[in-house]
Amino acid sequence: MIYLVNKLTKEHIIHRSTNSASGVDHTCWKAHVADDDGWIDWNGGECPLPDGHPVEVKHRNGLTYTEKCGEYHSHSWSHMDHKGDIIAYRPILDDQEQPATPKWQGTKDGPPPAGTLVTWGDTNQLKVIASSNPWVWVRNADAPATRGFVIKMHFLRPILTDQEQWAKQAKEVMGVSGESLNGSIDAIYDALLSGELPMPKEES
């Protein structure tokens, strides 16, 4: 993958030509080669994107974050031979399809990936900033990235979908647990949602 970077504004666009960087006005644009996943190697210096531009950054210690330029890791663009140095970045562009954050099923999947929404006890939703087993750095979903805190992974729970929440409540009503009835409960939920199974009416 090739990005074209505007030398004045730092704007990044994807160069979709199959013929390298042909036809590019090199007086205004510079070509940067990225890997197949869109990551551009970074060797240190001034932030390569405009302030406020969304970006994914990869640090020397292996942690990956999603943030806006100038919001948090500004000092990490200039290398200081530190584990927090940014060694690669991937700009988030409006016309670029981003990989979906995989649904985290719980601790059996290991630490939740960055960007995952989780819950802790009865608190509001938390957003994962980074994780390094068994520790997870999270923040309130509506808080800035600088207002995070660290918690052990086993305290966190995945966000339930409406169907999962309904199934959980249905099991509680029936006094059952485990996964043996999951298929049947899901079938009832789908039938109610589609109208195939009508909602019961209150008897007069």
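The values are calculated or read from the model by the stated rules, or taken from the named source; none is laboratory data. Quick caveat: nothing in here was measured; it's all calculated off a predicted structure. When we count neighbours, we look across all protein chains shown, and the Cβ atoms used for this are built from the backbone with ideal geometry, even at glycine.
Does the range 101-108 contain any residue that is modelled with pLDDT under 85, among the charged types (D, E, K, R), under 17 Å from the mean Cα position of the chain (by Cα) and within 25 Å of Met153 (Cα to Cα)? Yes, the range 101-108 contains a residue that is modelled with pLDDT under 85, among the charged types (D, E, K, R), under 17 Å from the mean Cα position of the chain (by Cα) and within 25 Å of Met153 (Cα to Cα). Which one is modelled with the lowest pLDDT among residues in the range 139-153 that are in contact with a strand residue (DSSP E or B) (Cβ under 8 Å, 6 or more places away or on another chain), among the hydrophobic types (A, V, I, L, M, F, W, C) and closer than 18 Å to Glu67 by Cα? Restricting to residues being in contact with a strand residue (DSSP E or B) (Cβ under 8 Å, 6 or more places away or on another chain), among the hydrophobic types (A, V, I, L, M, F, W, C) and closer than 18 Å to Glu67 by Cα, the top hit is Ala145.
Name every residue in the range 157-185 that is surrounded by 15 or more Cβ atoms within 10 Å (Cβ to Cβ) and in contact with a helix residue (DSSP H, G or I) (Cβ under 8 Å, 6 or more places away or on another chain), in order of residue number. Those that are surrounded by 15 or more Cβ atoms within 10 Å (Cβ to Cβ) and in contact with a helix residue (DSSP H, G or I) (Cβ under 8 Å, 6 or more places away or on another chain): Trp166, Ala167, Ala170, Lys171, Leu181, Ile185.
Would a scan of the range 123-130 turn up a residue that is over 21 Å from His59 (Cα atoms) and either of a type in the set (Phe, Trp, Tyr) or surrounded by fewer than 13 Cβ atoms within 10 Å (Cβ to Cβ) (or both)?
yes
Tell me the residue from Glu196, Glu203, Glu172 that is at pLDDT 80 or above and either part of a loop (DSSP other than H, G, I, E, B) or more than 30 Å from Pro112 (Cα to Cα) (or both), please.
Glu196
Would a scan of the range 113-121 turn up a residue that is without any contact (Cβ under 8 Å) to a residue 40 or more places away in the chain, surrounded by fewer than 14 Cβ atoms within 10 Å (Cβ to Cβ) and either assigned to a helix (DSSP H, G or I) or aromatic (Phe, Trp, Tyr) (or both)? Among the residues of the range 113-121, not one is without any contact (Cβ under 8 Å) to a residue 40 or more places away in the chain, surrounded by fewer than 14 Cβ atoms within 10 Å (Cβ to Cβ) and either assigned to a helix (DSSP H, G or I) or aromatic (Phe, Trp, Tyr) (or both), which makes the answer no.
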